[in-house]
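Data first, discussion second: the structure below is written as structure tokens.
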Amino acid sequence: MVVALATVSLARADEYTASSFRVIDPVLAPAGFSSSTSFQLFGSLGEPGLGTSTASGFGLQGAFLYFPIVSTPVVSATAGDGLVALSWTAVTASLGWTVGGYNVGQATVSGGPYSYTSLGNIISSTRSSLTNGTPYYFVIRVEDALGYTIATSTEVTATPVAAPSGAGPVPSGSGSSSNNQITGVNLSGHGYPLSKVTVLKDGQIITVTIAGPDAKFEVTQTGLSAGQYLFAVYGEDSTGRRSSLFTFPVLLTAGVVTNISGIFLAPTIAVDKSEVKYGDNLAIFGQATASSTVTIAVNSNQEIFTKTLSDRQGAYLYNFDTTLVERGDHTTKAKVALANEISPFGTAVNFHVGDKNILTEPNSKCPKKGDLNDDCRVNLVDFSIAAYWYHRTLTTAFIPREKSSLNGDGRIDLTDFSIMAYYWTG
Amino acid sequence: MKYYLLILLLLIPAAVWSASPQILLTTDQSEVSIGQMFSAKISLLPNGDSINALTGEITLPESLELKQIEDGGSIVSFWIERPAVRDGKITFSGIIPGGFTADRGPVFSLNLVAKSAGKVSLVIQKLKVLRNDGQGTELAVKTSPVLITVNKTEVEFSKALPADNLKPESFQPIVSRDPALFDGQWFLAFMTQDKQSGVDHYEVREGGDDQTWVKTESPYLIRDQSLKNKIVVRAVDRAGNIQEAVVILRPWYSVWLYGGILLLVSIFILWFIVFIFRKLFWRPRSSPF
């Protein structure tokens, strides 16, 4: 009975909507998987007509396979004596995809071919019996519940190094350095072209760098201790808008530089109107990786997804037809895909569909909340101010500040600190 | 048919429950002897969510003695209340900027010694976890008590506390002032990490080496508001290792001082350029007579 009900629930067709069309009750056609020595045919549960149709006035992206959501894992590689310890961030998948497990691909040549090992649904693996001094290249392949590949990480490399004689079995050496006295981390990924990228270690800024014209960045930080760290990265686009924080835990080993690749910052996003008249267009824009595909999600009774391209500077713009959503409050957010890499969704922005147009206020570089000392940052100083007022009665001078910068309930509690942690800039 | 529907209705909340974030309390031993040390670990499992704040408390049974709290490898970057015994209970509150989304992360651990035989239970109460959504949305969180059986046999030797010979990480205190705090007077904000045993406390010293260290916490109201005195802050970890940080002060006259020096240097450079120019290119006009 339960299985039957679940099956019925899966088979219920949802409507597809875009700015210029609506597909009502699409037909579900069960399909399968076929293979022979010379070909493979992948099928899916979806509409028969998978593909993109275009004309001068519209584009049709049929079938379900366009909008399932999956992010690519951020992979860290720590070299040891004859081994490399790999760990990666858990992938988020939704709208039709679920993560079934991970495969690790291993090669001695950059770019492969890789030999894959199935790991199950775990997020760490130690590759042993490796040759010291030989660079190894790894990718993490994400599989869905049926065993099909839905995402592949960027390549990460590490070179196992023999432990000094008498040093015991403690891992040593590094992916990029043979100096086994250095403990540190090497971070690489995609930001926005020629934009500022800020790296935080346990909530405090350790370095700020500028991404290249191709939006790639790489940062090395040494002089760290062995232990568990929480790194975070955020970008600022050409207008000063900040991306959401991309956080990931890293366990550093003494005397080893751990390589972490595949950091992919979500696009920045803004709208031209805080309230838009029903039927008018809403401009959704921001910056992402150069020449990439930006997926925009608009929250309504039926969540709407659409895609647009970013230009060589990473800028993107999409004019959203508000007749596709009901009147009321909505949010929109974006993610970006480039080659096999996919970012998570970024920060959501609000807009209201009503009876008039109200332009959005000029972009402020300051965080909307959490900035208690008005220096356009949310960091240790703001935390200290809030910590002082924790469990204390607020003064009349501080109450307006708490109201404008935190949740406005006239006291400082865990909720206020949570707001601060969300808008954290370091 | 009715029974199937009933089972289904019972399964739905169970499915929702299983997807909730979890604070996991585990021990390295389920059965110990009197006098034996064991550890209890507190971990966060977001279960697909993003968590940026958490709080809770643990009431320690009388049959257990707390030897040490370790928070060195914690995923919590900023403690509002560092795990410590307050009013007979171990309380903790902290935040994770940007949220924590990985499968599992350590929060802190307790090193305990059993004092009397019997069955004891450890449980986390008043537990709250908040979503990283900018609004501090409180999430349903699950946790389970952990049971430990203490045998009557006594052990003479127990495992030693983990060694920590490393200093806390280097840090740089920030000098700031704000109308909302200390009536706008200068204060210090500071925070660092210790990846082994964890930071135990901070001390500050204003003035020379002959001055005494004062145990404090961030924010610290600077006594000498003229900012003329040297200030040193030190972080002390739970094993007694110390990391010192000298505060970089910018007294009120520094702007005028640096401005004055810059002006003098500029005047000198200008004079030098004019001097060289006159030496090389200037020729006195020859008299027409």
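The values are calculated or read from the model by the stated rules, or taken from the named source; none is laboratory data. Quick caveat, the model's predicted, so the values are computed rather than measured. Cβ coordinates were reconstructed from backbone atoms using ideal geometry, including for glycine residues, and neighbour counts include every protein chain displayed.
If I filter region A:244-289 down to residues being assigned to a loop (DSSP other than H, G, I, E, B) and over 21 Å from the mean Cα position of the chain (by Cα), which single residue comes out as surrounded by the most Cβ atoms within 10 Å (Cβ to Cβ)?
A:V256
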*Among the residues of region A:196-216, write down those that are within 25 Å of A:A254 (Cα to Cα) and either crowded, with 20+ Cβ neighbours inside 10 Å or of a type outside the set (A, V, I, L, M) (or both).*
A:T198, A:V199, A:L200, A:K201, A:D202, A:G203, A:Q204, A:T207
*asked:* Which of the strands (runs of 3 or more DSSP E) found entirely inside region A:78-164 contain at least 1 residues meeting this: in contact with a Leu (Cβ under 8 Å, 6 or more places away or on another chain)?
replied: A:84-88, A:99-107, A:124-127, A:136-144, A:156-158
*Output the residues belonging to region A:365-377 that are over 19 Å from B:G94 (Cα atoms), charged (D, E, K, R) and touching a residue at least 40 places away in the same chain (Cβ under 8 Å).*
A:K365, A:K368, A:R377
*Count of residues meeting criterion [farther than 15 Å from A:E236 by Cβ and aliphatic (A, V, I, L, M)] in region A:264-276*: 2
*So, in region B:183-222, of the ones that are facing another protein chain (nearest Cβ under 8 Å) and outside any loop (DSSP other than H, G, I, E, B), which residue ends up nearest to B:I75 (Cα to Cα)?*
B:A189
*For region B:136-145, state whether one or more residues are β-branched (V, I, T), more than 14 Å from every other protein chain (Cβ to nearest Cβ), at negative phi and part of a strand (DSSP E or B).*
no
*Please indicate, with yes or no, whether at least one residue in region A:258-266 is among the small types (G, A, S) and closer than 23 Å to A:N319 by Cβ.*
yes
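Table: residues versus (1) without any contact (Cβ under 8 Å) to a residue 24 or more places away in the chain; (2) touching a strand residue (DSSP E or B) at 6+ places or on another chain (Cβ under 9 Å).
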| site | (1), (2) |
| --- | --- |
| A:K356 | no, yes |
| A:N379 | no, yes |
| A:F383 | no, yes |
| A:R392 | yes, no |
| A:F398 | yes, yes |
| A:S405 | no, no |
| A:G408 | yes, no |
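So that you can scan it fast, the table gives a plain yes or no per residue for (1) out of contact with any helix residue (DSSP H, G or I) (no Cβ under 6 Å at 6 or more places or on another chain); (2) surrounded by fewer than 16 Cβ atoms within 10 Å (Cβ to Cβ); (3) at pLDDT 90 or above:
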residue	(1), (2), (3)
B:S74	yes, no, yes
B:K89	yes, yes, yes
B:L122	yes, no, yes
B:G136	no, no, yes
B:P145	yes, yes, yes
*Failed condition for B:S109, given (1) in contact (Cβ under 8 Å) with a residue 60 or more places away in the chain; (2) surrounded by fewer than 17 Cβ atoms within 10 Å (Cβ to Cβ); (3) under 17 Å from B:S39 (Cβ atoms), with all others met?*
(2)
*Given the conditions (1) charged (D, E, K, R); (2) part of a loop (DSSP other than H, G, I, E, B); (3) away from every other protein chain (no Cβ under 11 Å), which single one is not true for B:D103?*
(3)
*Restricting attention to region A:403-426, and to residues there that are more than 9 Å from chain B (Cβ to nearest Cβ) and charged (D, E, K, R), which single residue is farthest from A:T347 (Cα to Cα)?*
A:R411
*Please work out which residue is nearest to B:L127 (Cα to Cα), limiting yourself to region B:53-68 and to residues that are surrounded by 20 or more Cβ atoms within 10 Å (Cβ to Cβ) and more than 9 Å from every other protein chain (Cβ to nearest Cβ).*
B:G56
_Looking at region A:390-402 only, could you name the residues that are within 8 Å of chain B (Cβ to nearest Cβ) and either buried (at least 23 other Cβ atoms within 10 Å of the Cβ) or closer than 22 Å to B:M191 by Cβ (or both)?_
A:Y390, A:F398, A:R401
*State whether the residues of region A:225-239 include one that is among the polar types (S, T, N, Q) and more than 14 Å from every other protein chain (Cβ to nearest Cβ).*
yes
*Can you tell which of A:K335, A:K369 is of a type outside the set (A, V, I, L, M, F, W, C) and farther than 20 Å from A:G240 by Cβ?*
A:K335
*So which pairs qualify, if the first residue must be in region B:114-141 and hydroxyl-bearing (S, T, Y), the second must be exposed (fewer than 13 other Cβ atoms within 10 Å of the Cβ) and outside any strand (DSSP E or B), the Cβ gap must be under 9 Å, and the two must be at least 6 apart or on different chains?*
B:S116/B:E62; B:S121/B:P145
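If I filter region B:32-52 down to residues being among the polar types (S, T, N, Q) and not in a loop (DSSP other than H, G, I, E, B), which single residue comes out as nearest to the other protein chains (Cβ to nearest Cβ)?
Among residues in region B:32-52 that are among the polar types (S, T, N, Q) and not in a loop (DSSP other than H, G, I, E, B), the one nearest to the other protein chains (Cβ to nearest Cβ) is B:N52.
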_Filter result for A:L187 (within 24 Å of the chain's Cα centre (by Cα), within 27 Å of A:L265 (Cβ to Cβ), modelled with pLDDT of 95 or more and not charged (D, E, K, R))_ = no
